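Working notes, structure below.
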């Protein structure tokens, strides 16, 4: 690939060593340059080549013209956007093929003792784990991150070690183990600060914010999210900025500041669309649906959920798909359509169990219990709620108290009654 000709050739250039070289006789090229050659040039250089290198233009293979585009349109091509994660624009089918490719590469090279190769294998393991994580294969993703951690420590790659610890924090968070999640995020944060890795630091802070939000400590979560947001803006990490804005919106919505949450979700959605972050876009759309559900605009919320669901299915995000089905089920129950609600929650339960997400399974059991009760199936509702309570107590979910209260009321009542979903 030859680039930069415009820096040495001008419109009045008639002779130049490069132009002379291009006019090599056809038989000389295979011997002197035994590989394909591609010249990337702006349109205005083509007439110069036509005047000064007629032989070259005469026997070149082809000339391809590309349309002019705005600088902003090139953002989605910037590798820096995906540096701390993986490309969420990939379709589910393409992601599965990439997983196969990475698995083959790792298998072929993981026993090499060459430090450069082992470093490369560590990077492959990190990406492989990220793809498996998105597809909901949590145990497999965790195994990849653990291997990556081992490789990174062996070759002394502190940044790689910090990234692996952060990813393990995310894996355990999704598996419902908040204690381990916090431990890994804190270790990742310490290494990021030690190595001056600002992106790694912001990722760890965001992960800690997520755990404290789940544990019901909204103010601590906001503190971590705001610290992360400052950093993502300083280092121009647009994807990270969008995630921080969405996470802050979630906490403010839970605190009752729904309009402020909608504003933050809107900013996150704009960023997701600007950089082509399909997962970030789906998160923002789903969060907007949840906010409008809180405001009682249920039909509008269902529209947002269905848009988010379509994106999650396209990119193969099983966790996102399951969570959105759960939200859809809640919206349908509020719309007095218990049959559709139960259908959504049953699908969500399948996903939650498939990926081993205990917190999601607990939510699915609880919400399906509410739908069953609304359909007059009190005994089945109680059984589901008891199973939900067992999981929520095991993982330390603060919402366990709500389930206990509801179970006590159900057991003391003969007939079903309406209850707010959650």
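Rule-based calculations on the coordinates, nothing more; no lab input. Please read all numbers here as calculations on a predicted model, not as lab measurements. Positions of Cβ are generated from backbone atoms using ideal geometry, with glycine treated the same way; all protein chains shown enter the neighbour counts.
Brief remarks follow.
- Most to least packed among 193-200, 161-168, 331-338 [average Cβ atoms within 10 Å]: 161-168, 331-338, 193-200
- Taking 0.36 nm per residue of separation and subtracting the Cα-Cα distance, full extension of the segment from residue 257 to residue 92 would add 55.9 nm.
- Between residue 183 and residue 117, the simple spin-label model (points 7 angstrom out along Cα→Cβ) gives 3.4 nm.
- A simple packing score, the average count of other Cβ atoms within 10 Å per residue, orders the peptides 384-391, 296-303, 121-128 as 121-128, 384-391, 296-303, with the highest score first.
- Summary of packing: across the peptides 308-315, 368-375, 34-41, the per-residue average of other C-beta atoms within 10 Å ranks them, highest first, as 368-375, 308-315, 34-41.
- Whether segment 5-69 is rounded, prolate or oblate, judged on the alpha carbon gyration tensor where a/c under 1.5 counts as rounded: oblate
- Mean ellipticity per residue at 222 nm, deg cm²/dmol - from DSSP H runs of n ≥ 4 across the chain, formula -39500 (n - 2.57): -23000 deg cm²/dmol
- You can think of it this way: the chain between residue 107 and residue 139 has 9.7 nm of extra reach, that is 0.36 nm per residue less the Cα-Cα gap.
- Shape of segment 317-422, Cα gyration tensor, a/c cut at 1.5: oblate
- Max mean-square fluctuation residue, GNM over the chain, Cα-Cα springs under 10 Å, options 273, 359, 51: 51
- The length gained by stretching the chain between residue 235 and residue 274 to full extension, at 0.36 nm per residue less their Cα-Cα distance, is 12.3 nm.
- Prolate/oblate/rounded label for the chain (Cα gyration tensor, a/c 1.5): prolate
- With Cα atoms, 0 to 90° folded angle of helix 258-275 axis to the chain main axis: 30 degrees
- Simple label model, 7 Å out from Cα along Cβ direction - residue 43 to residue 190, nm: 5.9 nm
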